[in-house]
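Working notes, structure below.
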């Protein structure tokens, strides 16, 4: 009972052109905590996460996302989901424990949009920097924007409808909000595993691309401070501070040194299974994405990695 | 999968001495929406709730709580839970659909602390004042503190440990945070059904009493505005604005005209089943409850209804 | 001693195409209080101002600014300043008391940028909606963005340097911040009468135009709420929420129904005469005006009334 | 014209029992910048102040205030004020330039409440950590509460009415708000030099004592963060976060290691000479001082240094 099966977006592995530059960006400016690194990959977490990491940076020749992984409640969930995927003739790859530091065995499959989705049940806990007994409300030494927890990714690709069908039926995701054309075709979907407004979102596009990853900030005032830091540190800004119509989230978008888009996100609502799906007409996409501007900026549609 | 079984604290029915005065307090100042009333009871909801109500006011000679009800995901959850309760020889009362306006059948039982707990699966949806297609971020006409959704209740009574055991084993609640004496006795427990830091909390006390009900506000700035309204309208304040150590929530406590304690609450964290339980020593109860003051005010322990 | 001579920007009179539509915009959305109107003009004030009005709307065929008026401390300041202007061979017009409702005699002159500047010493006080004895912190019944006090105007025109020289020498204005070209020419100036970061600002341009008027909001959270209202009410937005490099002010720009630009403004600093002037290079104008975006939007330079 | 004569509260010199402990408190927690120190005194400033210091800590056997000093616009103001004081047969002490590091000559006198008031016109400028050309909105490296500028002191002593009369007539202070008994006796006065809601305040009491010094924070969210720091660092809290009725300021009170009371303060209004004086009845003193609590805590009246 309570939260079962897929709990949340657990980590995302992205490609960066220069590992050292990326680590600097994600620790000093985004405010993540570096928990481990080797010459190929670096592992980072939001300060208020207990698991070993929620972001993996992998040095590569091109930016983009390797995979996004959801954490499930138990090892048996992995077996059950693997079985259901295979029943649907979907190829499943098994990744042994330890391939990522601290993470147990994972299973991986590809959704119709072309993105690799992974699932895992166990991860070493390193804690949130506070004791489990009589803790303070935040630890000393936080930096930059103080991103506190991994929130979601947004992906571009073909076959949003089929991807939603798969994630809903096998993984139990719920469509919190979606975007439909005049013909009724669903060209955008924001899916939640449990209570976040979205753990993952898809926008229909010709090929599989990575749009952004988001971490949580505590308030609109922290969004302002993030904006100050973006300017002070000459980080490439995309848009914001602004608000989404979809999710009502308070937001600012910017880019890491490799061109991967980052978001810091706050506000929004708590989702439950009896909350009705909110639908946006494609004609209102501007307001849906950037509530204040009422229109998309060019970068939103064209710049992905 | 995802959120199953008990989803959340769904509604609370409390007793008030003067129904008209209570309606005025909860609509004009707390900012709830009145959805229905008869000469005995009034039904209210937070603006961002879709269900018919989350607060029922019943006119009576003494203040206090009649019951708190949790919403489960499906009717079959009611049958299953009723069966598990009866197996444990716990008396279960069946309440027919319609006893509360808009609410389906409920089952009720009493926990060791002496409080009546109810469960229900269906409730008429009246919406959150916004269209389901291309909605704005909030509706016009909100009043007072703009309480947006029912958050939790805190109850005083004997037998916290046994109550926690029952709610955990049968209803699937998880202890997010608790308070223990030097001897290891648990004298306080904050339980979550899904992802809130707590849906219900108990403090060990000689008899069953109602401590407070809480609704959600969006920000610390809204807590300040609530404080302004409390003073402007001569509402009896208890304490705040302040912060809890437990849950890290931002808060202010005050009283309705009948003496029932209200809270407005913001901040806090998102709970998942793999988040470790936080434990507070009874010697640190002051910091646990009122993080800034570092000690309890006298009213917190002594004033209940 | 203390604040002498010119105290602050006291009121601005602007032209609107439809008086009723303008009144609706400035009261329901901007949140000003209508204190009087006739068939030609409407008088409005921010809720926390004591004087009869700070904004006068005059129905006309074209939008724009009639004049901006500064309030001086005493009637003798008017005589002294009139004398100093005439000594410089600057034409001064005397406007009798009562030409604007509640306002005493005014003197008017034209600065090199082509704008009409007025001065007055007395204005009927209507209060801020709170008693002078044991007041609450804000009155009931505030609407929309709750603009609290007139902050400044920004004007476009030729001869910024000469205008600054005149306002500094005769009216005692201080340049808090300015913008200079590579050649050292001053193409922008932000002038303060006393302690605001600016009471009036000028940007060099070929002809006399009105860029915007600004009122004060209490916080960044109020700026967010203003942005929500702009979208909900389909008000034409220009840019924001964002921040200025000049003044560090938190801001959002939008338009009244006649196309006059409005700003709501918060944050910034307190100016004193010993604060050094901050200078911006024209090459950094983007960051100076819109700190987060780092560049001007096209409207900022081209849309004026 | 503009701001003339006394501009603002410029610095305060207080006594501390342990200079190193005090420096640690005021730099690491309060967030001031240490600009100089010798074995007797330490000089500190708020980050957004340009002058060399606004707080001087002097090691001594007892806590309390040595003097508070107002900065005047010019050296001639010192001569004029000294003359006016002597005409009133008030003893004036001349302090040579350099007695405090970076500060020009000062004059000192004692007001009826028994406190030493000083005036000075010149102070070395060390800047606010940002360039004067194309600055960012805040410098890197700020600590703790990030106190940005000296705001005011509140003093207890006998003869408030006479003190107000002297400061008004000779120094040009204006009473922004006051507190009167049923008999009409003024037992509290909040005086402004220019545009702050108060630069200095007095409460009638049997002997000359120091109640608190206050620095400015930018927002209510910064007040919350200050409260977090107070608890995390085990700083002795007095009361708050709360709001004043007088000045409407958002506030929290706490103590330095020597027992001197500190305040961080935000919000409030901009004062101009034509703003009417707000008067509070002594019977409403609770609401006047602590708007939310509606009553004084015992410490407010009894704990002074």
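Worth a mention:
- Members of the range D:1-47 found to be within 14 Å of another protein chain (Cβ to nearest Cβ) and either over 28 Å from residue C:271 (Cα atoms) or assigned to a strand (DSSP E or B) (or both), listed by number: D:2, D:3, D:4, D:6, D:7, D:8, D:9, D:10, D:11, D:45
- Test: residue in the range A:40-48 that is buried (at least 17 other Cβ atoms within 10 Å of the Cβ) and farther than 25 Å from residue A:147 by Cα: no
- Search result, residues across the range A:120-149 that are in contact (Cβ under 8 Å) with a residue 40 or more places away in the chain and within 11 Å of chain B (Cβ to nearest Cβ): A:121, A:122, A:123, A:125, A:127, A:128, A:138, A:148, A:149
- From the list C:200, C:187, the one residue that fits, being within 16 Å of the chain's Cα centre (by Cα), assigned by TED's automatic domain parsing to the domain that holds residue C:294 and more than 30 Å from residue B:222 (Cβ to Cβ), is C:200.
- Failed criterion for residue C:274 (all others in (1) within 25 Å of residue C:181 (Cβ to Cβ); (2) in contact with a strand residue (DSSP E or B) (Cβ under 9 Å, 6 or more places away or on another chain) hold): (1)
- From the options A:251, A:192, residue that is farther than 23 Å from residue A:17 by Cβ, touching a residue at least 24 places away in the same chain (Cβ under 8 Å) and within 11 Å of chain B (Cβ to nearest Cβ): A:192
Rundown of residues vs (1) touching a helix residue (DSSP H, G or I) at 6+ places or on another chain (Cβ under 8 Å); (2) modelled with pLDDT of 95 or more; (3) assigned to a strand (DSSP E or B); (4) surrounded by fewer than 20 Cβ atoms within 10 Å (Cβ to Cβ), yes/no style:
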{"position": "C:241", "(1), (2), (3), (4)": "yes, yes, yes, no"}
{"position": "C:247", "(1), (2), (3), (4)": "no, yes, no, no"}
{"position": "C:250", "(1), (2), (3), (4)": "yes, yes, yes, no"}
{"position": "C:254", "(1), (2), (3), (4)": "yes, yes, yes, no"}
{"position": "C:259", "(1), (2), (3), (4)": "no, yes, no, yes"}
{"position": "C:262", "(1), (2), (3), (4)": "no, yes, yes, no"}
{"position": "C:266", "(1), (2), (3), (4)": "yes, yes, yes, no"}
{"position": "C:272", "(1), (2), (3), (4)": "no, yes, no, no"}
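- Residue ID - nearest to the other protein chains (Cβ to nearest Cβ), chosen from residues in the range B:160-184 that are surrounded by fewer than 18 Cβ atoms within 10 Å (Cβ to Cβ) and out of contact with any strand residue (DSSP E or B) (no Cβ under 8 Å at 6 or more places or on another chain): B:169
- Exactly one residue out of A:147, A:205, A:214 is touching a strand residue (DSSP E or B) at 6+ places or on another chain (Cβ under 6 Å) and closer than 27 Å to residue A:78 by Cβ: that is A:214.
- Residue satisfying all of: in the range D:184-193; in a loop (DSSP other than H, G, I, E, B) and at pLDDT 95 or above; nearest to residue D:71 (Cα to Cα) among these: D:193
- Boolean, residue A:231 is within 25 Å of residue A:144 (Cβ to Cβ) and within 7 Å of another protein chain (Cβ to nearest Cβ): yes
- Residue check for residue A:173: in the same structural domain as residue A:76 (by TED's automatic domain parsing), at negative phi and in contact with a helix residue (DSSP H, G or I) (Cβ under 6 Å, 6 or more places away or on another chain): no
- Residue D:109 being assigned by TED's automatic domain parsing to the domain that holds residue D:38, surrounded by 15 or more Cβ atoms within 10 Å (Cβ to Cβ) and under 30 Å from residue D:225 (Cα atoms): no
- Of all residues in the range C:277-305, those satisfying the criterion of being within 11 Å of chain D (Cβ to nearest Cβ), in contact (Cβ under 8 Å) with a residue 40 or more places away in the chain, part of a helix (DSSP H, G or I) and surrounded by 15 or more Cβ atoms within 10 Å (Cβ to Cβ) are C:282, C:285, C:287, C:288.
- Set side by side, the residues B:198, B:212 differ, and just one is more than 14 Å from chain A (Cβ to nearest Cβ), closer than 17 Å to residue B:253 by Cβ and crowded, with 22+ Cβ neighbours inside 10 Å, which is B:212.
- Residue among A:221, A:228 that is at pLDDT 95 or above, surrounded by 23 or more Cβ atoms within 10 Å (Cβ to Cβ), in a helix (DSSP H, G or I) and not assigned by TED's automatic domain parsing to the domain that holds residue A:45: A:221
- Filtered residues of the range B:197-210 (kept if assigned to a loop (DSSP other than H, G, I, E, B) and touching a helix residue (DSSP H, G or I) at 6+ places or on another chain (Cβ under 9 Å)): B:197, B:198, B:205
- Just one residue in the set D:100, D:94 is buried (at least 16 other Cβ atoms within 10 Å of the Cβ) and either assigned by TED's automatic domain parsing to the domain that holds residue D:111 or outside any helix (DSSP H, G or I) (or both); that residue is D:100.
- Scanning the range B:70-91 for residues that are away from chain A (no Cβ under 14 Å) and outside any helix (DSSP H, G or I) yields B:88, B:89, B:90, B:91.
- So residue D:53, is it in contact with a strand residue (DSSP E or B) (Cβ under 6 Å, 6 or more places away or on another chain) and at pLDDT 95 or above: yes
The values are calculated or read from the model by the stated rules, or taken from the named source; none is laboratory data. Just so you know, these numbers come straight off a predicted model, no measurement behind them. Positions of Cβ are generated from backbone atoms using ideal geometry, with glycine treated the same way; all protein chains shown enter the neighbour counts.
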